[in-house]
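Student: Sharing a structure with you now.
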Amino acid sequence: MSNANALLRPSIWQGQIFNGGWTAAHGGTHTFTEPATGEQLGSVGLADADDVALAAAQARAAQAAWAASDYKERAAIFRRAAALIAEHHDELSTWIVRETGAIRPKADLELREAAAHLQEAAAMLTQPKGQLLASASGHMSIARRMPHGVVGVISPFNFPLILSIRSIAPALATGNAVVHKPDLQTPVSGGVLIARIFEEAGLPKGVLHVLPGGAEAGQAMCADPNIAMIAFTGSTAVGRSIGELAGRNLKKMSLELGGKNSLIILDDADPDIAAANVAWGAYLHQGQICMASGRILLQRSIAEAVIERLVAKARNLPVGDPMSGQVALGPLINARQVQRVHAIVHDSVAAGATVLAGGDYDRQFYQPTVLTGVRPGMRCFEEELFGPVASITVFDTDQEAIALAGASSGCLALGVITPTLARAMHIVDRVPAGHVHINDQTVLAEAHAPFGGSGTSGNGGRHGGSADWDEFTQWQWLTLKTEAPRYPF
């Protein structure tokens, strides 16, 4: 992964942070490893509060010129960045596989969607930026969208490229500068890669800063007066802390957090199709997806048939190092997450659930697991797993399914499998969810579609499509008169 023509040659970024160029960090360096093998992959600069303060000040100084630059030139930068992803696809895909533990198709999906987000950002440059309002004769009244200034982006490890670029690209497209903190477990896929494509695409120096860092850097971003907005993707627990600190400093916030998502299988569904949807929604990327189908609700008359097929799938899905061959599941991101998933499974079994497949692990490789007899109150029913566990609850009536699915305090996604669309609509209209999919599982996202959760899954913010204008700009009212009025005072 270090040939002379590689975009991510370590000699460029090793041990560095990015501010339009590559420089040492005040916090030293951070070494990161491959979850499948434990092999060291490299080191990046470790940003601390001083690095954040310097980056935020530089970003604020560079922002105005960026926002005022020619829209055609800005759009061309996004298109060149997208082209670079395509040009270096195999190299970048290998980094994502090794750094995140993803299978190759998941890595390829990240790259395609990242390029789509960049193309959407380019398209934003020719979209209307405001509205002409009603006004009296001789007056003009305009509502126009203005950038916040500097946007701070904090992203997680699971889909590090998409969950970074989906904020960075529209924030830049709407005229903001960006200070970005990728997760320390995936600093290349979530940070260095983005810095390099924008560096090569010609983004002006100082407009984008990439600062791999820990909690200190994140807290500094939430408090820094030069950063006007925080876009955070991660767990609900950390999101609460981010929201509290950013709110105390009166920053705009976009919080996309965890969720307990339900996939409902009604009794008129095809069992083979239903089992395939359950397996995909629960096991893709080892279940480490905020949209994962974490709560499988099966209507009683179809439950046995679906469970039989799902157990067969779980027992036959190959698990291993994604770089070693054709596997369906790779490793969990770290040993701590393995222990957390195993504890949830173990505690749920102790409370009365039954393991029909999986339920064990080897190093960081957790077997695809099927849990039945799951009831409200059990950890696997209540908590977001972030592991490859299909947690199954059987219900009798559609109304019971609505109650079970609605038991989540936060829900990103809801899926319903049935050929009877009227039944599906009756259900989805009564279960709060950020996005809803009839005759599909819960793991879906597209660059042009608004994405976000409800309740504790977020603060109402959305990424994608027209929602990007709502998040990354603020309204300004502008009036123009042919002459100044003569007031009576």
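Student: Scanning for something surrounded by fewer than 22 Cβ atoms within 10 Å (Cβ to Cβ) and on the phi > 0 side of the Ramachandran plot, does the stretch 303-318 turn up at least one residue?
Tutor: no
Student: Within the stretch 406-432, how many residues turn out to be closer than 13 Å to I264 by Cα, open to solvent by less than 50 Å² (accessible area, probe 1.4 Å) and touching a strand residue (DSSP E or B) at 6+ places or on another chain (Cβ under 8 Å)?
Tutor: Count: 10.
Student: Looking at this structure, is D440 touching a residue at least 40 places away in the same chain (Cβ under 8 Å), surrounded by 16 or more Cβ atoms within 10 Å (Cβ to Cβ) and of a type in the set (D, E)?
Tutor: yes
Student: Being open to solvent by less than 10 Å² (accessible area, probe 1.4 Å), among the small types (G, A, S), at pLDDT 95 or above and in a loop (DSSP other than H, G, I, E, B) is the requirement here; does G175 meet it?
Tutor: Spelling it out, G175 is indeed open to solvent by less than 10 Å² (accessible area, probe 1.4 Å), among the small types (G, A, S), at pLDDT 95 or above and in a loop (DSSP other than H, G, I, E, B).
Student: From the list G352, G359, which one is free of Cβ contacts under 8 Å to residues at least 40 places away in the same chain, over 28 Å from the mean Cα position of the chain (by Cα) and not in a helix (DSSP H, G or I)?
Tutor: The unique qualifying residue is G352.
Student: Quick check on this structure: which one of L203, L193 is open to solvent by less than 10 Å² (accessible area, probe 1.4 Å) and in contact with a Leu (Cβ under 9 Å, 6 or more places away or on another chain)?
Tutor: From the options L203, L193, the qualifying one is L193.
So that you can scan it fast, the table gives a plain yes or no per residue for (1) of a type in the set (G, A, S); (2) surrounded by fewer than 24 Cβ atoms within 10 Å (Cβ to Cβ); (3) closer than 19 Å to E383 by Cα:
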position	(1), (2), (3)
N226	no, yes, no
T233	no, no, yes
A237	yes, yes, yes
G247	yes, yes, no
G258	yes, no, yes
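Student: Counting just the residues of the stretch 452-480 that are at pLDDT 90 or above and open to solvent by less than 60 Å² (accessible area, probe 1.4 Å), which one comes out nearest to G239 (Cα to Cα)?
Tutor: E471
Student: So, one more: Search the stretch 1-13 for residues that are over 17 Å from G191 (Cβ atoms) and pair each with any residue that is assigned to a loop (DSSP other than H, G, I, E, B) and at pLDDT 85 or above when their beta-carbon atoms are under 7 Å apart and the residues are at least 6 apart or on different chains.
Tutor: Cβ pairs passing all conditions: S2/R9.
Student: For the stretch 370-389, give me each residue that is touching a residue at least 24 places away in the same chain (Cβ under 8 Å), small (G, A, S) and open to solvent by 10 Å² or more (accessible area, probe 1.4 Å).
Tutor: Within the stretch 370-389, just G377 meets the criteria.
The values are calculated or read from the model by the stated rules, or taken from the named source; none is laboratory data. Nothing here was measured: the structure is a model prediction, and the numbers come from that model. Neighbour counts run over all protein chains shown; Cβ positions are idealised from the backbone, glycine included. Ligands, DNA and RNA are stripped out before the accessible areas are found, and what is left, the full protein with its side chains, is counted by its heavy atoms. Shrake-Rupley method; radii C 1.70, N 1.55, O 1.52, S 1.80 Å.
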